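Have a look at the structure below, then the notes.
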Ligand SMILES: [Cu+2]
């Protein structure tokens, strides 16, 4: 009878141990998938400049341009494939990044920036 109890206790410990190992591994793989979630990057528009002017992100990340100037700006792809609306002070524009591109402000064409994807 006593031997049987010890045996079942061992079995319980074994089951609990296996469960804990399983939980540990599943939490590890969750951490791994979290590293694939997109990162948000901010490009401030300040004193007639995009800051930072050049930014490198991972494919699928999101960039948010925030106008911190008192004058309106926009974000226009260099070949005008797409453009944000006019951003007044405090406005922002977000875009999911899937390719490299250069851009400018169509209101002040000297304002330029570029986005590239990390390899
Ligand atoms: Cu501008």
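The values are calculated or read from the model by the stated rules, or taken from the named source; none is laboratory data. Since the structure is predicted, the reported quantities are computational estimates derived from the model, not experimental observations. Neighbour counts are summed over all protein chains in view; Cβ atoms, including those assigned to glycine, are modelled from backbone coordinates with ideal geometry.
Output yes when any residue across segment 49-69 is on the phi > 0 side of the Ramachandran plot, in contact (Cβ under 8 Å) with a residue 12 or more places away in the chain and either away from the ligand (no atom under 13 Å from the Cβ) or part of a strand (DSSP E or B) (or both), and no when none is.
yes
In this structure, is residue 23 at pLDDT below 95 and under 21 Å from the mean Cα position of the chain (by Cα)?
Spelling it out, it is not the case that residue 23 is at pLDDT below 95 and under 21 Å from the mean Cα position of the chain (by Cα).
How many residues does segment 92-119 contain that are assigned to a loop (DSSP other than H, G, I, E, B), free of Cβ contacts under 8 Å to residues at least 60 places away in the same chain and within 30 Å of residue 36 (Cβ to Cβ)?
Counting residues in segment 92-119 that are assigned to a loop (DSSP other than H, G, I, E, B), free of Cβ contacts under 8 Å to residues at least 60 places away in the same chain and within 30 Å of residue 36 (Cβ to Cβ) gives 5.
Among the residues that make up segment 74-82, is at least one of them within 9 Å of the ligand (Cβ to nearest atom), surrounded by fewer than 13 Cβ atoms within 10 Å (Cβ to Cβ) and at negative phi?
Among the residues of segment 74-82, not one is within 9 Å of the ligand (Cβ to nearest atom), surrounded by fewer than 13 Cβ atoms within 10 Å (Cβ to Cβ) and at negative phi, which makes the answer no.
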